[in-house]
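Novice: Can you read through this structure? Questions will come right after.
Nothing in this text is a laboratory measurement; each read-out follows from the coordinates by a stated rule. As the structure is a computational prediction, the values presented were derived from the model and not from experiment. All Cβ positions, even for glycine, are placed from backbone atoms using ideal geometry, and neighbour counts span all protein chains on display.
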Amino acid sequence: MIDDRPEVTQTVQSPEGRSTRIQVRDWTVEVVAGPDKGKKVTTQDALLRVGSDVASDLVLSDQTVSRRHIELERTSKGIVLRDLGSRNGTFLDGHQVMQALLQPGDKVTLGKTKLALKQEARATEVEVMGGADAFGHLVAASEKMRVVFAQLRGIAREDMNLLLEGETGTGKELAARAVHEHSRRRHGPFKVVDCNLITEEKAERELFGGLRSNGDEGGKGVFEAAQGGTLFLDEVGELPLSLQPKLLRVLESREVPSLDGAPVQVDVRVIASTHRNLEEDVRQGRFRADLYYRLAVARVRLPPLRTRREDIPVLAQSLLRGLKSSFELTPQTLALFEGYDWPGNVRELRNVLERGALMQETGNVSWLDFMAQPERKEEGQQPTTSVAALVTGMPYHEAKDRVVADFERLYFAEVMRVSNFDMKTAEQHTGLSMQSLYRLLKKNGLRLKDLKNAEGLDK
Ligand SMILES: Nc1ncnc2c1ncn2[C@@H]1O[C@H](COP(=O)(O)OP(=O)(O)OP(=O)(O)O)[C@@H](O)[C@H]1O
C-alpha cells in the first residue's frame with residue numbers, strides 16, 4: 001500500500017537562501033509473493049533499485065527477474081516506477097508498464113515476484129536551505145540534494161564515521177572533503193585511499209604502516225598520516241575480505257603499529273564510499289558485518305543526476321565557471337542536457353562541458369552540434385577533433401591547460417588499451433605509482449569498465 005502524500009512535506013515556505021524545515025518520511029518496499037517473500041527494504045532515499053544484481057537496493061533471487069529490473073523513485077507527485085528494459089517485463093494490475101505513477105494499493109509484478117509499497121508513519125525533520133545551495137564544492141538546487149546537504153552538515157559537526165553511497169560521479173569524494181572542511185578536524189589532513197588498489201602486500205605498508213622485514217624500511221601508514229584529520233576510504237567494498245579484520249581492529253583499537261613495533265594511538269575520522277550495495281555484500285558474506293557497522297555509523301546516499309534534473313542548470317553554470325569558460329548556456333542546450341540520463345553523473349556532465357566549451361570557444365562546432373554527436377555519451381572515447389588545432393586562438397596558459405587535459409585523456413585511454421587494461425602493466429608502462437595512475441584515470445573520467453566496454457571486452 002502506498003498513499004499519495006509526497007515523501008517530503010514542506011512545512012514552511014521560504015524565499016531563496018532562507019532555511020526551511022521539511023519532513024522526510026521512510027518508505028518500505030516488501031516482497032509479498034514469490035521466492036523472496038518477506039524480504040523488504042525501508043529507506044529515506046528517493047531512489048530504490050530492484051533486481052537480481054547485487055548492487056540493487058532490493059536484491060531478488062527470483063530467476064525470472066532481470067539484473068536491473070525496475071527503479072522506484074519518490075517524487076513530489078508520488079512514487080514513479082520505471083522498467084529498466086527487463087527481460088520479462090513489469091506488470092501493474094495485469095498490464096505491462098514501462099513507466100507509471102503508482103496509486104495507493106498498487107502491487108507491482110516482476111516475473112514471479114509481487115511487491116507492495118508503503119509510506120511509513122515515522123518522519124525525520126530536517127532543516128534545508130531555500131533556492132540553490134552549496135556544501136563545500138558541491139552545488140545543487142534540488143530538494144533531494146538540499147536534504148543531503150542538511151544531513152551532511154549535521155554529520156560534519158559530530159565526529160562519527162560516515163558511509164557515502166552512490167553511483168560513480170555523484171560527488172562522494174567531494175562530499176567527504178566537504179564534511180572534513182566543515183568538521184572540527186578541518187585544520188588536520190585529509191587523506192585518500194583507493195581500496196581498489198589495496199592488495200594484501202600493500203596493505204601493511206600503505207594502510208597500517210609499522211615495522212617491516214626483508215630489508216623493507218617500513219614507514220608511516222596512511223592512518224598515521226591522517227592523524228588529527230580524516231581518512232577517506234574510496235570504494236571500501238573492494239577491500240579484500242582477508243584485510244577487513246585488520247581494518248576493523250584499527251578502527252576498534254584506534255592504534256596502529258609504529259616503526260619500532262610499539263602501538264601508536266591514531267585520532268582519525270573515517271569516511272568510506274561505495275557504489276555497491278554493501279548491506280547485500282554483508283548478507284552474501286563478501287563484506288564483514290562488524291566492519292560495516294563500524295563504518296556506517298551514519299549513512300548518506302548521493303542521488304543519481306537523472307533523478308534530480310533541476311540541478312543540471314546550477315551544476316552546469318558552476319562547472320563552466322570552474323572551467324573559466326565565458327559561454328552562456330542557451331535554453332536549447334539546457335533542454336538537451338535535462339533530457340539526457342547521464343550514466344556517468346556529474347563527472348560526465350563536467351567532461352561534456354569541458355569539450356563542448358572548447359569547441360564552441362574555438363568556433364568549431366556549436367553546443368547543439370556537439371550534443372548531437374552520439375560519441376559524447378561514451379566515456380573513455382577518444383575525441384574526434386584535434387585539440388591542438390583548436391586552441392591556437394587562445395591565450396597561452398589557457399591553451400596549454402586545455403591541450404594537457406585532452407592529452408591526458410588520450411594518453412591514458414591508449415595506455416590502458418595497450419596494457420590490456422591491467423593496472424600493473426600500465427604502472428610499468430607509465431612509470432607512475434598505482435595510486436597516481438588511478439587518480440589520473442579517475443580525474444579524466446576514464447573508468448576501466450567503460451574502456452573495456454569500448455573495446456568489447458566487458459559483458
Ligand atoms: N554537486 C556537485 N557540485 C559540483 N560538482 C560536482 C558535484 N557532484 C560532482 N561534481 C563533479 O563531479 C566530479 C566527480 O565527483 P566525485 O569524484 O566526488 O564523484 P564520486 O562519486 O566520488 O565518483 P567515483 O565513485 O567514480 O569515485 C567532481 O570532480 C566534480 O567536478
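Novice: Quick one: length gained pulling ASP341 to LYS107 fully straight, 0.36 nm per residue minus the C-alpha distance?
Specialist: The span from ASP341 to LYS107 would gain 81.5 nm if fully extended.
Novice: Once phi is turned into ³J(HN,Hα) by the Karplus curve 6.51 cos²θ - 1.76 cosθ + 1.60 with θ = phi - 60°, what whole-Hz value does each residue of the range 342-350 show in order, with x for glycine and proline?
Specialist: With the stated coefficients, the range 342-350 comes to 6, x, x, 6, 5, 4, 5, 4, 4 Hz.
Novice: Could you line up ASP45, ASP83, ASP422 from fewest to most neighbouring Cβ atoms inside 10 Å?
Specialist: Ranking ASP45, ASP83, ASP422 by Cβ neighbours within 10 Å, fewest first, gives ASP422, ASP83, ASP45.
Novice: For the pair GLU408 and ARG321, how long in nm is the line joining their label points, each one 7 Å along Cα→Cβ?
Specialist: Each label point lies 7 Å from its Cα, and together they span 2.2 nm.
Novice: Taking θ = phi - 60°, what integer Hz values does the Karplus form 6.51 cos²θ - 1.76 cosθ + 1.60 yield along the range 185-201, in sequence order, with x for Gly and Pro?
Specialist: 8, 4, 8, x, x, 10, 10, 10, 10, 8, 5, 4, 9, 7, 9, 3, 5
Novice: Need the full-extension length gain, THR124 to TYR396, defined as separation in residues times 0.36 nm minus the C-alpha distance. One decimal, nm.
Specialist: My answer for the length gained is 92.6 nm.
Novice: Please report Rg over Rh for the range 33-185, where both radii come from the alpha carbon positions and Rh follows the Kirkwood definition.
Specialist: With Rh from the inverse mean 1/r over Cα pairs, Rg/Rh is 1.03.
Novice: Starting from the 7 Å offset along Cα-to-Cβ, what nm value, one decimal, do you get for the label separation of GLU201 and HIS182?
Specialist: 4.2
Novice: Which ³J(HN,Hα) values, rounded to whole Hz and listed in residue order, are derived for the range 90-100 from phi using the Karplus coefficients 6.51, -1.76 and 1.60 in 6.51 cos²θ - 1.76 cosθ + 1.60 with θ = phi - 60°, glycine and proline given as x?
Specialist: Running phi through 6.51 cos²θ - 1.76 cosθ + 1.60 with θ = phi - 60° gives 10, 10, 10, 6, x, 9, 6, 10, 9, 8, 7 Hz.
Novice: Report the full-extension gain for the segment ASN88 to GLN332: residue separation times 0.36 nm, less the Cα-Cα distance, to one decimal in nm.
Specialist: My answer for the length gained is 84.2 nm.
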